[in-house]
1. Label residue 378 and residue 122 with points 7 Å out from Cα along Cα→Cβ: what is the distance between them in nm?
2. When the scattering of segment 34-131 is computed by the Debye formula from its Cα atoms alone, each counted once and equally, what is log10 I(q)/I(0) at q = 0.17, 0.22, 0.23 Å⁻¹?
3. Subtract the Cα-Cα distance of residue 111 and residue 351 from 0.36 nm times their separation in residues, and report this length gain in nm to one decimal.
4. Would you mind getting me the FRET efficiency between residue 74 and residue 189? Use the beta-carbon distance for r and R0 = 25 Å, nearest 0.05.
5. Measure up 224/249; 163/277; 130/163; 207/336; 139/163 against 21 Å on the Cα-Cα distance and list the ones that go over.
6. Which order, highest average first, do 223-230, 354-361 follow once you tally other Cβ atoms within 10 Å for each residue and take the mean per peptide?
7. Would you list which lysines come within 19 Å of residue 136, measuring only between C-alpha atoms, while excluding same-chain residues fewer than 8 positions from it?
Amino acid sequence: HLLDISWYTESMREGRPVAILDRHRLQEEQSVEVPVFSAASYVCQRHTGQPGHNPLLTESLAVLAESAELNGDEGRGLAFRRSEALLRSLDRRVQGMTDLRGLPCLGEHSRRVIQDVLVNGRSSEVEETKASSRYKAMKVLTGVFGVGVKTAKRWFTEGICLKHYADLNQPVTRDEADSVSVTVEAAVCSVLPGAQVTLAGGFRRGKTSGHDVDFLITHPDEGKEEGLVRKVVACLESRGFLLYHQTTKNTYQESAQGAGRPSSNMDRFERCFSIFKLTNGGDPRDTRRAQEQAEGREPDQTASAGSRPWRAVRVDLVVSPISQFAFALLGWTGSKLFEREMRRWAVHEKSMTLSSHALYDKNQERYLRASSEEEIFSHLGLEYVSPSGRNA
Ligand code: DCT
Ligand code: MG
């Protein structure tokens, strides 16, 4: 197929892998411009690692995405996020604009920004955005690392943000996530032996830091997981590990979803949004008592980590019935853009609806079962992408 250009472009459009054996020969003999990079148009058809080979470009696009999102312009934000993800998926550095020929997902605006960075080493629009008082004000408002506008508002009303601001603003490391894992696993096993705890979110994708730690909990016997969040929370609380928690009930029911439209929101599992008291080791009650004795007062919670033997860490606990576990794991592994693109692919290319609970085939008018992530990719006609390739 080497010289068959129409086959080549078609393959690229459909996301089939193509190997160019001799790009220069092809270009000369056929007098056609052959793209340097190839990429499928949906994020979920590609492997996106991190941080990628074009950090300056991706960081610039991320600033503009964030600014658009903070301004409530979701469409524009999404366009920049797609461009950013595309550049992060490239396996080499972009040398010039011609390298970007034929690539999907790059709108005119993103191309302008990229050109600016490639030519001048920086984008004036990005610089202006970063310096604008509006952007700076919004960054302060949503200052807690990784927290969106909605969460920030909720925290402000509850005063949680102010209490633990300094800690929550500091990324969670992999070691800290592992330490929380040990505590969560011990609590889960003590209230329901046989239950399984899986670290999801960014850490499952191999990230070395994150804004929180996400856990997915299930039990091999369907039904045993009911009410588990409340029991685990009670156990953690009695052991002094929780600074704050807010539990929501499971409201998902397949039969009640109507004409095959499983919800795409993530809030239907039994779930606990919490703030952990992560100690440097040992029982948090002992450390606290020791500190209180030593200082003769309550620990100052507004102080940043380092001055005391514990720090606040955001932890999400989600419980899923085993029959939905594969969907829950896929959904809670992220990234947000990867999930979003999988759902878009499902609807537009396969006439299916995907959520963290189920996959519904609208043509066959039935739910498609899966007991692993691999099976879900296969139902969707996608090649499997391992968690480390979902960092879009
Ligand atoms: N998720 C989602 N939609 C939501 C909430 C979460 O699709 N409304 C998924 C995507 C990622 C996963 O759940 C965990 O969410 P976050 O913790 O917000 O993302 P993360 O990738 O773990 O990022 P970080 O490393 O910063 O925690
Ligand atoms: Mg997370």
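Values quoted throughout were computed directly from the atomic coordinates according to the rules given, and no laboratory measurement underlies them. Remember, predicted model here, so these are calculated numbers, not experimental data. Neighbour counts are summed over all protein chains in view; Cβ atoms, including those assigned to glycine, are modelled from backbone coordinates with ideal geometry.
1. My value for the distance between the label points is 5.2 nm.
2. One equal scatterer on each Cα of segment 34-131 leads to -0.70, -1.18, -1.28.
3. Working: separation 240, 0.36 × 240 = 86.40 nm, distance 3.16 nm.
Length gained, residue 111 through residue 351: 83.2 nm.
4. My answer for the efficiency is 0.05.
5. 130/163
6. Working: 223-230: 16.8, 354-361: 22.8.
Going from most to least packed, we get 354-361, 223-230.
7. Within the straight-line limit of under 19 Å, residue 136 reaches these lysines: 150, 153.
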